[in-house]
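The block underneath contains the structure these notes are about, expressed in structure tokens.
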Ligand SMILES: Cc1cc2nc3c(=O)[nH]c(=O)nc-3n(C[C@H](O)[C@H](O)[C@H](O)COP(=O)(O)O)c2cc1C
């Protein structure tokens, strides 16, 4: 076993690669703003608390979408399914085309969820925490609806599927 070297110069490229070793799912965070769907794909979704029910998503401080989205009364968070690879790329691409052709539902409060998602949460903004070059967005969950299927897995910049060993 080799010891971790101390005083490393933590090069952002190497750090990004190391962080990418940790496999995650991907969610779509979205709401209707001025009559249009606004949102993005995020792999930083994490469950945080059961009481109160909280989840978090870390967004780049330079995100142009979050300032437009953060004033919405409710946000939809959809856990993407394994067939959502192309949709996920679309949701992180050019803003005007992010939701083109994507089957979605807008609830009465403006939360947008993807119809074929594994889990669909309706959330409101609970707290924002500055975290370096990101902002940790804590969301309070108000409702959840479960679908069927398998999750999209994001690992080392690519998509995969979950393979169960037992
Ligand atoms: C698989 C995947 C995961 C992503 N996860 C995040 C994330 O957790 N946080 C984030 O700020 N952006 C994430 N992005 C990038 C956003 O989807 C989006 O491209 C980015 O926020 C730039 O768009 P914006 O300026 O409209 O916010 C991810 C993109 C992909 C393809």
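Coordinate-derived values only; no laboratory data. Just so it is clear, the model here is predicted, and its values are computed rather than measured. Counting neighbours? That spans all protein chains shown, and the Cβs are built from the backbone with ideal geometry, glycine included.
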Report task. Please enumerate the residues belonging to the stretch 127-153 that are within 15 Å of the ligand (Cβ to nearest atom) and out of contact with any helix residue (DSSP H, G or I) (no Cβ under 8 Å at 6 or more places or on another chain). Result -> 128, 129, 130, 131, 132, 133, 134, 136, 138, 139, 151, 153
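Condition first: over 30 Å from residue 142 (Cβ atoms) and either surrounded by 15 or more Cβ atoms within 10 Å (Cβ to Cβ) or touching a residue at least 24 places away in the same chain (Cβ under 8 Å) (or both). Now tell me which residues in the stretch 18-48 satisfy that.
Of all residues in the stretch 18-48, those over 30 Å from residue 142 (Cβ atoms) come to 18-21.
Correct list: 20, 21.
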Query raised in the report: For the stretch 49-166, list the strands (runs of 3 or more DSSP E) that sit wholly inside it and hold at least 3 residues that are in contact (Cβ under 8 Å) with a residue 60 or more places away in the chain and within 14 Å of the chain's Cα centre (by Cα); which are they?
Result: 54-60, 75-79, 112-114, 134-146, 152-155
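Matching residues to (1) away from the ligand (no atom under 14 Å from the Cβ); (2) touching a helix residue (DSSP H, G or I) at 6+ places or on another chain (Cβ under 7 Å); (3) within 16 Å of residue 142 (Cα to Cα):
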| residue | (1), (2), (3) |
| --- | --- |
| 60 | no, no, no |
| 81 | no, no, no |
| 93 | no, no, no |
| 100 | yes, no, no |
| 110 | yes, no, yes |
| 113 | yes, no, yes |
| 116 | yes, no, no |
| 122 | yes, no, yes |
| 125 | yes, no, yes |
